[in-house]
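Since every read-out is calculated from the coordinates, none of them should be taken as a lab result. Since this is a predicted model, take the numbers as computed values, not measurements. Counting neighbours? That spans all protein chains shown, and the Cβs are built from the backbone with ideal geometry, glycine included.
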């Protein structure tokens with residue numbers, strides 16, 4: 001299988017959609033010019049809520065937010081993961097937190113896959129972060145494996161990272177790489193982010209592509225950064241610096257095959273467990 005040149009883009013998104021799109025355009029362009037073929041943006045790439053009462057600019061997949069990302073992907077000729085955007089739904093006031101895969105190597109830059117976040121971040125940590133995503137977000141109902149330039153990629157978003165059974169299911173469905181676009185908080189990120197990414201890579205013998213938000217977004221919202229690409233042995237291939245930036249690595253599926261053949265733990269699972 002042909003290697004894939006991947007980049008993770010690290011943003012410091014705010015409620016200002018227009019500025020967020022400009023920042024994403026600049027960094028996606030830089031990564032594309034450096035040779036990235038697949039570029040991944042973090043969760044809340046176009047809009048990041050800084051106050052619980054702040055309304056989100058919910059739209060359908062045909063709205064101008066995803067339209068702008070499709071233009072961006074086409075302009076730079078890349079496959080683009082929009083880590084998440086607020087997708088409107090009709091049932092109630094809540095929306096889906098939705099990842100979108102766009103094929104910018106085709107002139108029409110079609111949407112090829114979508115994934116709605118399954119696990120919602122409802123926490124109240126003493127002295128730390130307090131959020132209740134379920135107040136404004138509805139959970140999705142199914143895992144998704146997408147094809148990106150011929151590679152099977154398992155999709156997830158942020159808090160999903162703490163649920164290893166999801167990633168095993170994606171691996172069982174053929175995923176060779178796992179995406180984890182996030183707005184992982186500074187408080188939890190410093191102790192858990194890279195450890196959890198490496199765990200998901202090692203236990204599934206998979207590449208992990210994890211673009212994260214970074215810095216102070218306004219109000220009490222701070223994200224950890226350290227956007228990363230991890231290989232199936234758990235080694236960090238690329239790590240973004242502590243600023244809005246990007247990092248790139250080539251993911252080599254022949255190397256992954258060697259790891260899976262040398263340590264075939266995926267085939268050693270006991271059916272009784």
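Data table
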quantity	calculated
For a label point 7 Å along the Cα-to-beta-carbon line of residue 71, residues of the range 3-20 with backbone N under 18 Å	16-20
Protection proxy ranking of 46-57, 6-17 - average other beta-carbon atoms within 10 Å, highest first	6-17, 46-57
Contour excess over end-to-end distance, with Cα ends at residue 122 and residue 34 and 0.36 nm allotted per residue	27.8 nm
Extended-chain gain in nm, criterion 0.36 nm per residue less alpha-carbon gap, residue 233 and residue 169	21.1 nm
Percentage relative contact order, the range 97-181, counting C-alpha pairs under 8 Å, at least six apart	25 percent
Distance (nanometres) between label positions extended 7 Å along Cα→Cβ at residue 270 and residue 25	5.7 nm
Calculated percent of Cα pairs over 31 Å apart (choose from [x] 19; [y] 42; [z] 25), label	[x]
Mean Cα-pair separation over length for the chain, i.e. relative contact order, pairs under 8 Å, 6 or more apart, %	20 percent
For the range 166-273, alpha-carbon Rg over 2.2 N^0.38 Å	1.17
Nearest-0.05 FRET efficiency for residue 203 and residue 53, computed from C-beta distance (R0 45 Å)	0.70
Bridge type composition, the chain - antiparallel percent by DSSP, nearest 5	70 percent
Rel. contact order, % - alpha carbon contacts under 8 angstrom, at least six apart, the range 153-209	43 percent
